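The values are calculated or read from the model by the stated rules, or taken from the named source; none is laboratory data. All values derive from a computational prediction rather than experimental measurement. Here the Cβ positions follow ideal geometry from the backbone for every residue, glycine too, while neighbour counts run over all protein chains shown. Just the protein is used for accessible areas: all its heavy atoms, side chains included, with ligands, DNA and RNA removed. Shrake-Rupley method; radii C 1.70, N 1.55, O 1.52, S 1.80 Å.
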Amino acid sequence: MKTDAAAQGAFERTAMAAAWVGIAVLIVVVLVFASLRAATDLPLLLGAEHPDPDAFEARYVAAPWLAYLHIVPGVLYLLGAPLQLWRGFRQRHIRVHRLVGRIILPAGIVSGMFALAFGVPFSFGGTFQSLATAVFGSWFLVSLLVAFAAIRSGNVRVHRRWMIRAFAVGLGVGTIRLWIGLFVALTDITIVDTFALGFWLGLGTNVLFGELWLWWRGDPGSPRRQGPS
């Protein structure tokens, strides 16, 4: 019925708008915390100072190359990925889409590799956080590599789905901060345990949301998307 189709269309438009708002919020969270991170670390690095070994910034000062080879390409990836996933832009500007893809996909791979190199041995939240970094960092890299292999073979559908999976994990960096903020504000959990739980919940919820999104949206032209004939 036309009424049902109109209602479904309105719901999908609302859901899409909400998803884009959520994406924008999480990217802003990442940018804010990346800026604060740099503002804290740069004076220490330039002044050759050594913070207290138990301080949060001690890890970044101890291994700045590992840390920032994760952070800088990761920020570049998160800024470019929404443009890649925006269907309207992709259809109108396919050459720009391909050019941006050649930049951000390698940036994502570099960021993911150094997320493992820095996040596993230098985790603030201990072994539990290191394990989360290993699991979801590996999933992020696998998603990007499968997406790359798919587009090289001309399989746009598979490429798109795996890029969405990778992007969901990347946005988890912002979701982690939101979970940690909730724990700090509402519980008495130690700061170390807060980071460990924040990593599992932040990354896990984003991976789950990504899979639910792929299930709900399906593929353009599929029978479920088209509805009954």
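The table for this structure:
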{"read-out": "Region 47-67: number of residues that are in a loop (DSSP other than H, G, I, E, B) and under 27 Å from the mean Cα position of the chain (by Cα)", "value": "4"}
{"read-out": "Unique residue being farther than 25 Å from ALA166 by Cα, without any contact (Cβ under 8 Å) to a residue 12 or more places away in the chain and either of a type outside the set (Val, Ile, Thr) or open to solvent by 60 Å² or more (accessible area, probe 1.4 Å) (or both) when the list is GLY9, GLY88", "value": "GLY9"}
{"read-out": "Residue check, ALA196 crowded, with 19+ Cβ neighbours inside 10 Å, touching a Phe, Trp or Tyr at 6+ places or on another chain (Cβ under 6 Å), in a helix (DSSP H, G or I) and at pLDDT 95 or above", "value": "no"}
{"read-out": "Selection from region 91-105 of residues that are free of Cβ contacts under 8 Å to residues at least 24 places away in the same chain and of a type outside the set (Lys, Arg)", "value": "GLN91, HIS93, ILE94, VAL96, HIS97, LEU99, VAL100"}
{"read-out": "Options LEU105, LEU79, LEU44: the member that is part of a helix (DSSP H, G or I), open to solvent by less than 50 Å² (accessible area, probe 1.4 Å) and within 19 Å of ARG165 (Cα to Cα)", "value": "LEU105"}
{"read-out": "Test result for GLU57, touching a Leu at 6+ places or on another chain (Cβ under 7 Å) and of a type in the set (D, E, K, R)", "value": "yes"}
